[in-house]
1. List, please: which pairs have Cβ atoms under 9 Å, are six or more places apart or on different chains, and start with a residue in the range 28-50 that is assigned by TED's automatic domain parsing to the domain that holds GLU124 and end with one that is surrounded by fewer than 16 Cβ atoms within 10 Å (Cβ to Cβ) and among the β-branched types (Val, Ile, Thr)?
2. Return the residues of the range 107-121 that are closer than 13 Å to LEU173 by Cα and touching a residue at least 24 places away in the same chain (Cβ under 8 Å); say none if nothing qualifies.
3. Go through the range 191-204 and report how many residues are more than 15 Å from THR166 (Cβ to Cβ) and either modelled with pLDDT under 75 or buried (at least 20 other Cβ atoms within 10 Å of the Cβ) (or both).
4. Find the residue count for the range 27-48, including only residues that are loosely packed, with under 14 Cβ neighbours inside 10 Å and in contact with a strand residue (DSSP E or B) (Cβ under 9 Å, 6 or more places away or on another chain).
5. Among the listed residues LYS77, LYS102, LYS67, which satisfies the condition of being closer than 30 Å to VAL201 by Cα and not in a helix (DSSP H, G or I)?
6. From the residues in the range 161-190 that are among the small types (Gly, Ala, Ser), buried (at least 18 other Cβ atoms within 10 Å of the Cβ) and not in a loop (DSSP other than H, G, I, E, B), which one is farthest from the chain's Cα centre (by Cα)?
7. Is it the case, given these coordinates, that SER10 is farther than 23 Å from VAL90 by Cβ and more than 17 Å from the chain's Cα centre (by Cα)?
8. In the range 8-27, which residues are in a helix (DSSP H, G or I) and without any contact (Cβ under 8 Å) to a residue 40 or more places away in the chain?
Amino acid sequence: MKMAAIKKISISIVEDNLNIREMLKELFLNESDFDFQFAFPSAEDALSFDYKSFPQVYIMDINLPGKNGIECLSELKQKSPHSQFLMYTVNDDDHRVFEALKAGANGYILKGAAPDQILNAVRELIEGGAPMSSFVARRVVSQFRTSQPTSLESSGLSGREQEVLTLLAQGLLYKEIADKMEISVGTVKQHIHRIYSKLHVQNRTEAVNRYFGR
C-alpha cells in the first residue's frame, strides 16, 4: 500500500544580504517538508516576477533597498492574499513591529534566531499560529495591555473571548489555547468565529489590528 505524499510547504525569500539569503535557501533545501522556490534580493524583483503560482510563505526582510519589506508585503498581499508573511529582520522597534503587523505580517522573528526557530516559525504559520521572537512578543503583549480597555470597550467581546484573542495575538495555536484555557479545540474555534463576527474581521491579522484600535 502506497503512503500518501506529504504536501510540502512552498516558500520564497526576499532578502538583500547575499550571505543571509544563501543561508536561508540552504536551510529550507535541506528540509524534506519544504518546497523552496525563489530567493529575491529586492522587493522590486519579488513584485515583478512572473509567478506561475505564489508560495504559501514569504520570509521578508524589512530593510530592503528601494521599496522596504513592509511596502513589498502590502503589494504582494494584493497579488496573493493567501500567502503568509514572516518578517525576518534586525529591526525590533515598536513602530516597525506594529507597522508590519498592520500591513498583514503573520509572524515576526529577529535575525539571530537559531535555524530550528526559523523552521518552526514557518511550520507554525501553516498550522495557524503567529510566531514571534520572545522580545517582539513582549512588546506586543505590553501594547495590548495598554490599549485593550479603549479598543475593546465597545466591541462586545466577552471576557472569555478577550482571553482567546489575547492568546491568539501571542501566536498560540488553537490546541495550545485549548490546553491553556482547559477547553476543547472546537470551543476555541467557536470563540474565534464569534470574535471575528463581533469585530467584523475575516482573519487573525485583522482581529489583531482591530484589537489594537488601529
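The values are calculated or read from the model by the stated rules, or taken from the named source; none is laboratory data. Bear in mind that the values here come from a model prediction, so they are computed numbers and not experimental data. Cβ: placed from backbone, ideal geometry, glycine included. Neighbour counts: every protein chain shown.
1. Taking only residues 6 or more apart or on different chains, the pairs are SER32/ILE6; ASP33/ILE6.
2. Passing the criteria: GLY107, ALA121.
3. 2
4. Qualifying residue count for the region: 2.
5. LYS67
6. Filtering the range 161-190 for residues that are among the small types (Gly, Ala, Ser), buried (at least 18 other Cβ atoms within 10 Å of the Cβ) and not in a loop (DSSP other than H, G, I, E, B), the one farthest from the chain's Cα centre (by Cα) comes out as ALA178.
7. Values: farther than 23 Å from VAL90 by Cβ: yes; more than 17 Å from the chain's Cα centre (by Cα): no.
So SER10 does not fit the description; no.
8. LEU18, ASN19, ARG21, GLU22, MET23, LYS25, GLU26
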